[in-house]
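What follows is a set of notes on a single structure, which appears directly below.
FYI, it's all coordinate maths here, none of it is from the lab. Bear in mind the structure is a predicted one, so any value in this text is a computation, not a measurement. As a convention, Cβ positions derive from the backbone with ideal geometry for all residues, glycine included, and neighbour counts pool all protein chains shown.
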There are 2 protein chains.
Amino acid sequence: MGTQAAVKGLRNEALEELGAEIILANTYHLYLRPGHELVRKLGGLHQFMSWPRAILTDSGGYQVFSLSELRKITDDGVRFRSHLDGSEHLLTPEKAAEIQLALGSDIAMVLDECIETPAPREQWQFGIVQGATFGDLRRESARQLIELDFPGYAVGGLAVGEPHEVTCQMTAEVTALLPKDRPRYLMGVGRPEQIADYVALGIDMMDCVLPTRAARHACLYSSEGRVLIKNARYAQDQRPVDPKCTCSVCRRYSRAYLRHLFAAGELTAAILATHHNVHFYLDIMRQIREAIEFGNLTKFSSEMHVRYAAGPA
Amino acid sequence: MGTQAAVKGLRNEALEELGAEIILANTYHLYLRPGHELVRKLGGLHQFMSWPRAILTDSGGYQVFSLSELRKITDDGVRFRSHLDGSEHLLTPEKAAEIQLALGSDIAMVLDECIETPAPREQWQFGIVQGATFGDLRRESARQLIELDFPGYAVGGLAVGEPHEVTCQMTAEVTALLPKDRPRYLMGVGRPEQIADYVALGIDMMDCVLPTRAARHACLYSSEGRVLIKNARYAQDQRPVDPKCTCSVCRRYSRAYLRHLFAAGELTAAILATHHNVHFYLDIMRQIREAIEFGNLTKFSSEMHVRYAAGPA
């Protein structure tokens with residue numbers, strides 16, 4: 001997750017070391033600051049942030065909904081005020097497409113279910129299935145988008161507070177209909193133990209602030225469950241965060257040292273913790289691919305649920 | 001500068017890449033948190049923070065003076081309250097030596113001009129010349145310390161607000177007396193354009209929070225002077241911070257991108273800026289060594305003063 005054209009706490013060099021292949025940058029944030037026209041002028045987002053691998057941009061719609069003020073939805077689009085300076089803006093489906101084109105995104109998202117501009121040649125534009133927690137609306141939305149023949153489909157408006165079972169149920173309604181040869185992207189998920197469930201339902205792509213945000217709040221992930229590293233029990237613990245982990249943080253630093261860095265409020269705490277958590281998430285996907293190959297996905301999923309149901313260590 | 005056993009914003013891997021050979025860790029801070037006994041138990045500071053190169057520790061005296069409350073100096077030592085939790089502590093010369101021994105420091109500092117414990121075999125203990133801005137007191141302090149035959153000598157109590165000329169004058173009084181075959185360490189300096197002056201006066205070692213702290217405040221150093229990267233003039237500047245710099249930040253990221261990261265409050269801004277500034281400082285020392293070899297030190301020094309006198313770019 002690289003909301004403002006940076007993954008919080010990680011240099012691109014670290015992301016490359018970790019094997020990250022796509023980052024998600026945020027249309028709403030970059031439109032407001034530094035501005036999509038500036039980014040275009042400086043050669044697009046890849047050059048601006050020096051990231052040669054893939055960039056996915058969302059449509060900005062979700063942030064208009066969650067961050068901005070004075071939101072007014074009309075037939076044309078959505079009128080809102082910037083959360084930064086209160087300035088007024090109009091986001092239309094055309095504008096969302098234009099901004100993402102200016103950013104030079106590889107995978108763009110439509111503002112809503114209705115697309116009116118053709119996708120530019122070198123950019124994939126995904127349609128987004130909506131419909132809240134109503135199975136019939138989800139199916140109808142999916143059918144309409146399938147008719148528009150997108151190169152990929154996102155499932156939006158989930159993971160906004162509903163129970164995990166409902167997220168899975170709605171996802172299943174949709175993935176049953178979407179073409180199997182197009183990537184399916186479940187937006188804004190998920191917790192470590194949920195990832196395999198979504199993959200089992202036919203999801204190929206996900207995005208989530210959780211690994212980076214949890215890291216900054218001293219919540220680390222391990223193969224045994226959550227490690228709340230500020231806990232006093234780690235004060236003298238010389239083991240790495242996750243003894244089974246091969247990341248460069250676990251190869252070098254102890255729990256005792258990481259705990260000290262968080263207790264002391266050191267910037268380096270966030271850097272090391274973020275690095276580990278992003279590695280952990282990418283590794284979940286590697287393990288899932290392996291589990292699929294060996295027919296073990298269900299077993300992997302239930303083991304993750306057991307480890308993470310126990311609550312933080 | 002690794003006050004709390006970490007250089008703010010840099011992993012040890014980055015410090016190694018930059019060629020840093022010594023880090024300074026702070027006795028006062030580590031005594032209070034996580035505690036020197038804990039660090040000893042975990043194998044000493046080198047192992048605790050996974051830093052195999054040299055570690056210098058100060059005596060803690062300066063921080064007792066600048067950070068703690070209810071300071072009371074007696075014949076035995078100094079009684080103070082922790083700035084963290086108000087707990088009361090007594091720091092004596094013996095205690096300062098004991099803490100630094102527990103930390104496993106390579107180069108320790110005495111608490112004041114009077115040393116009462118022998119330095120352990122594998123640890124260098126430096127005496128510290130004091131005497132405020134009085135030449136006669138400085139000379140007397142130096143003479144007494146020279147009699148105690150330290151493996152190295154620090155010059156303390158300077159760079160605390162007096163003009164640069166006075167710092168130089170006091171340093172010169174002392175370095176004229178100190179044995180030439182022992183390292184001389186001027187504590188707490190300095191600005192980029194001052195470093196060469198101190199070296200010209202016979203100083204071998206310095207420490208300073210400036211490169212890391214300035215970086216976090218968006219002040220970057222370049223061969224042309226200071227670059228206050230938040231300035232609007234850099235919004236579209238595709239050049240690196242310092243076109244002459246070879247660091248991994250200048251090789252990859254533009255001023256425009258760094259400006260954006262600072263404007264957006266991104267954690268990665270501090271990481272990249274700190275990396276560059278530490279490289280810049282280490283590079284000053286490399287350039288000074290070269291200038292000495294070619295007999296150009298005075299020229300180098302005056303050029304630096306000209307560039308940095310002009311004020312921020």
Partner chain coverage, peptide B:245-251 - average Cβ within 10 angstrom = 1
Label-point separation (nm) for B:Glu21 and A:Ser223, each offset 7 Å from Cα along Cα-to-Cβ?
-> 4.1 nm
Cα-only radius of gyration and Dmax that characterise the range B:169-213, units Å | 10.8, 33
Once the Cβ-Cβ distance between A:Glu290 and A:Ala176 is put in as r, and R0 is 22 Å, what FRET efficiency do you end up with, to the nearest 0.05?
-> 0.30
Sites B:Ser66 and B:Leu148 - FRET efficiency at Förster radius 22 Å, r taken between beta-carbons, to 0.05 = 0.25
Could you work out Rg/(2.2 N^0.38 Å) for the range A:95-253, with Rg from alpha carbons only?
-> 1.27
Scattering from the C-alpha atoms of the range B:259-313 alone, worked out with Debye: what is log10 I(q)/I(0) at q = 0.15, 0.30 1/Å?
-> -0.61, -1.08
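List the pairs from A:Lys72/A:Lys95; A:Lys41/A:Lys95; B:Lys8/B:Lys244; A:Lys244/B:Lys8 whose alpha-carbon separation is above 19 Å, in the order I gave them. Walk me through the numbers on the way to the answer.
Details: A:Lys72/A:Lys95 16 Å; A:Lys41/A:Lys95 17 Å; B:Lys8/B:Lys244 25 Å; A:Lys244/B:Lys8 28 Å.
Correct reply: B:Lys8/B:Lys244; A:Lys244/B:Lys8.
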Over chain A, what relative contact order in percent results from Cα pairs under 8 Å that are six or more residues apart?
-> 13 percent
Cα→Cβ-extended label distance, 7 Å offset, between A:Ile73 and B:Leu84, nm | 5.1 nm
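Taking the Cβ-Cβ separation of B:Lys41 and B:Thr246 as r and a Förster radius of 35 Å, what is the calculated FRET efficiency to the nearest 0.05? Could the numbers behind the result be given before it?
Details: r = 41 Å, r/R0 = 1.18.
The value I calculate is 0.25.
Could you compute the longest span of chain B free of GluC sites (Glu not before Pro) located in DSSP loops and having at most 11 other Cβ atoms within 10 Å, not counting the site residues?
Working: sites that count: B:Glu21, B:Glu116, B:Glu122.
That gives B:123-313 as the longest site-free run.
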Trypsin sites (Lys or Arg not before Pro) restricted to the range B:161-245 and DSSP loop, no more than 13 other C-beta within 10 Å | B:Lys180, B:Lys244
Label point 7 Å beyond Cα along the C-beta direction, distances from A:Glu98 to other copies (nm, shortest first) | 7.3
Charge context of A:Ser82, other residues only, Cβ under 15 angstrom, K/R +1, D/E -1 = +3
Kindly give Rg over Rh for the range A:168-313, based on alpha-carbon atoms, with the Kirkwood expression for the hydrodynamic radius.
-> 1.02
